[in-house]
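Since every read-out is calculated from the coordinates, none of them should be taken as a lab result. Quick caveat: nothing in here was measured; it's all calculated off a predicted structure. Every residue, glycine among them, receives a Cβ derived from its backbone with ideal geometry; neighbour counts consider all protein chains shown.
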Amino acid sequence: MDVIIKQTSNPESIRSQCLVVPIYEKGKLSKAAGQIDKASGGQIKKMIKRGDISGKLNSHLLLHTLNGVKAERILLLGADTGKKISEADFRKLIHTTLSQLDKSKAKEACLFFDDLSVANRDAQWMAEQIAISSGNHIYQYTKTLSKPKTGSSLKKLILMTKSTAALRKAVKQGKAIANGMNTAKELGNLPGNICTPSYLAKEARALGRKYSSLSVSILEEKKMRELGMGSLLSVTAGTDQAAKLIVMNYKGGKANQKPHALVGKGITFDSGGISLKPGARMDEMKYDMCGAASVLGAMTAITELQLPINVVAIIAAAENMPAGGATKPGDVVTSMSGQTIEVLNTDAEGRLVLCDALTYCKKFKPQSVIDIATLTGACVVALGKHATGLYSNQDDFAEELITAGEVVGDRAWQMPLWDDYQPQLNSNFADIANIGGPEGGSITAACFLSRFTKDLRWAHLDIAGTAWLSGANKGATGRPVGLLTRYLISKS
Ligand code: BES
Ligand code: MN
Ligand code: ZN
């Protein structure tokens, strides 16, 4: 989606495919609506009087040509008072705009949102939101369809306002975030027989070829064995697909600046292994690499923006399958950290790959580490599909990430990481068990990871509920690329 900024003093004379103009409550017109009303000899006011359109939020009316106005179409859009509307209402307005523009078949539209305002947010924020939403809007999955669906015909949005450097930057960031989200969506939606660990590695290499600031290296199983990654390797024991540890090193900052680290869970299919999952909705476990996808999405965004920071991204990619050689419940494995782990349930595999990836990332001496994982069904029970579960060993870090998420409507909610939960991971046969029983399952999973991140500024995002939608709208959401990218922008 092309989003540009342009100013005009007379909307009635623009030869656009569609003008989008707000109408406010109590018959009040936005500035642009007023000018169009005047040019058309009072047509808009007449329509309001007749009750064809009101200022009620999200009411809308599409006009095909209007006397005295050069544009092909005019979309009247109810926008409440237009003053200090809530963030959620503004997002609804963008959504209504985009879906009505789709119906209209317009390829290009001019948005006259200049006199709208959002409580506690500025014009830059609004422009970034429009760029994010419209960029997301054009995503469509087609890869494995023999007859691709016809998608949105909308190609270009013009924000009708004074172009400033700050606004152009906001649009640029919004576009990059949307591109990152679409990258994550596509990888998530691809089936497990296409999106394998090798496929993820290939995608990472391709990104590395595109930017000289990004170097990519792939650690094969042989190298993992040499490094002592017995925990990660125990997950891949039952599959024919080779596991990959993908390392992406982005250097946008000074050479001596410590990097921020992102670590993604990349289980390209999670059958549960010998602790086999039940059949219902097992297909959705192709989404068990959405943590990895969000890391690739965030790297797509930050390379596009060429942020002046250093970032190291690590993806632990493997498939979790049952087989004769698969890891069994009760097996004890040794992690790269030296800690031994009793694998009581082979379906708690995410933490087993992450712990070795987290230990590995220490060699880069990161100033902060965020791991992202579709880690537990228990997190979905606790928070549903709206908020990502957030854990951190440093509260101010948690706060930074929550704020970053709120800015882009990609919310996270902090969960406790208290020592009280740690004894649930006790084992008689190893240093730690890989499950903590039925109580507080998302918390004990985070506690497991905390054993491997003691000396790091670390946060863990459990995205099991937020990474994809089920049912008729089944599909990846691209979360939490927005949160991650916004956090990294705030560090640049
Ligand atoms: N990938 C799953 C978590 C998951 C389940 C995410 C359903 C989204 C929807 C993870 O590997 C897993 O299987 N976790 C187990 C842990 C349990 C065995 C302690 C779970 O949540 O049931
Ligand atoms: Mn599992
Ligand atoms: Zn899993």
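Along the axis of the charge dipole computed for the stretch 83-127 (Cβ charges of +1 for Lys and Arg, -1 for Asp and Glu, origin at the Cα centre), the listed residues Ile85, Cys110, Ser99 are led at the positive end by Ser99. DSSP beta bridges confined to the chain are antiparallel in about 40 percent of cases.
Take the residue pairs Lys277/Lys365; Lys223/Lys286; Lys31/Lys92; Lys107/Lys251 and return only those whose Cα atoms are more than 30 Å apart.
Flagged as over cut-off: Lys277/Lys365; Lys107/Lys251.
Between Lys210 and Lys103, the modelled labels are 3.5 nm apart [label points 7 Å from Cα along Cα→Cβ].
From the C-alpha coordinates alone, can you work out the Kirkwood hydrodynamic radius of the stretch 258-383, in Å? It is 15.6 Å. Dipole check for the chain: with +1 at the C-beta of Lys and Arg, -1 at the C-beta of Asp and Glu, and the Cα centre as origin, the magnitude is about 2500 Debye. In summary, the aspartates and glutamates within cross-link reach of Lys45, defined as a Cα separation below 19 angstrom excluding same-chain residues under 8 places away, comprise Glu12, Glu25, Asp37, Asp80, Asp115. When Rg and the Kirkwood Rh are both derived from Cα coordinates, the Rg/Rh ratio for the stretch 408-457 amounts to 1.05. Test of understanding: extend the Cα→C-beta vector of Thr144 to 7 Å, then name every residue of the stretch 225-267 with backbone N under 17 Å from that spot. Taking a point 7 Å out along Cα→Cβ of Thr144, the residues of the stretch 225-267 whose backbone N falls under 17 Å are 241, 267. Distance between Cα centroids, the stretch 328-393 to the stretch 401-464: provide it in whole Å. Using only Cα atoms, the two centres lie 8 Å from each other.
In terms of overall dimensions, the C-alpha atoms belonging to the stretch 387-492 reach 45, 39, 17 Å along their principal axes, ordered largest to smallest.
Once you sort the root eigenvalues of the Cα gyration tensor of the stretch 92-221 as a ≥ b ≥ c, which label holds: rounded (a/c under 1.5), prolate (a/b larger than b/c) or oblate (the other case)? Oblate is the answer for the stretch 92-221, as a/c is 1.5 or above yet b/c matches or exceeds a/b. Ranking Leu483, Asn310, Phe452 by Cα position along the charge dipole of the stretch 176-490, where only Lys, Arg, Asp and Glu carry charges on their C-beta atoms, puts Asn310 farthest toward the positive end. Charged side chains reduced to their Cβ positions (Lys and Arg at +1, Asp and Glu at -1) give the stretch 2-163 a dipole of some 400 debye around its Cα centre. With a Förster radius of 22 Å applied to the beta-carbon distance between Glu25 and Lys92, the computed FRET efficiency rounds to 0.90.
Among the listed pairs Lys6/Lys254; Lys105/Lys143; Lys222/Lys265, a Cα-Cα separation exceeding 27 Å is found for Lys6/Lys254.
Over all other residues within a Cβ to Cβ distance under 11 Å of Ala430, the charged ones net out to -3, with Lys and Arg as +1 and Asp and Glu as -1. Note on Phe429 and Arg168: the model spin-label points, each 7 Å out from Cα along the C-beta direction, lie 6.5 nm apart.
Report the convex hull volume per residue for the chain, counting only C-alpha atoms, in Å³.
Convex hull of Cα atoms, per residue: 150 Å³.
Applied to the stretch 442-457, the Karplus parametrisation 6.51 cos²θ - 1.76 cosθ + 1.60 on θ = phi - 60° returns per-residue 3J(HN,Hα) values of 6, 5, 5, 5, 5, 4, 4, 5, 4, 5, 10, 10, 3, 9, 10, 7 Hz, with x for Gly and Pro. Sorting Glu25, Glu400 from the fewest to the most surrounding beta carbons within 10 angstrom yields Glu25, Glu400. Here, P(r) means the percent of Cα pairs in each 10 Å bin from 0 to the largest distance; for the stretch 56-95 it is 28, 40, 26, 5. Projecting the Cα positions of Ile48, Ile158, His137 onto the charge dipole of the stretch 2-163 (unit charges on Cβ atoms of Lys, Arg, Asp and Glu, taken about the Cα centre) puts Ile48 furthest along the positive direction.
Can you put His95, His137 in order, fewest other beta carbons within 10 Å first?
On the way: His95 13, His137 21.
The order, fewest Cβ neighbours first, is His95, His137.
Rounded to the nearest 5, the antiparallel percentage of DSSP beta bridges internal to the stretch 2-163 is 30%.
Per-residue ellipticity at 222 nm, computed for the chain from helices alone with -39500 (n - 2.57) per DSSP H run of at least four residues, works out to -11000 deg cm²/dmol. Return the percentage of antiparallel bridges among DSSP beta bridges fully within the stretch 262-399, rounded to the nearest 5 %. Once the DSSP bridges in the stretch 262-399 are tallied, antiparallel ones form about 25 percent.
How large is the dipole of the stretch 325-368 about the Cα centre if only Lys and Arg carry +1 and Asp and Glu carry -1, each at its Cβ, rounded to the nearest 20 debye?
Details: 5 positive and 5 negative charges, 68 e Å.
Roughly 320 debye for the stretch 325-368.
Projected label points at Lys222 and Glu399, each 7 Å from Cα along the beta carbon direction, are separated by 5.0 nanometres.
Across q = 0.10, 0.15, 0.16, 0.21 Å⁻¹, the stretch 2-163 modelled as identical point scatterers on its alpha-carbon atoms has Debye log10 I(q)/I(0) values of -0.35, -0.77, -0.87, -1.47, in the order of the q list.
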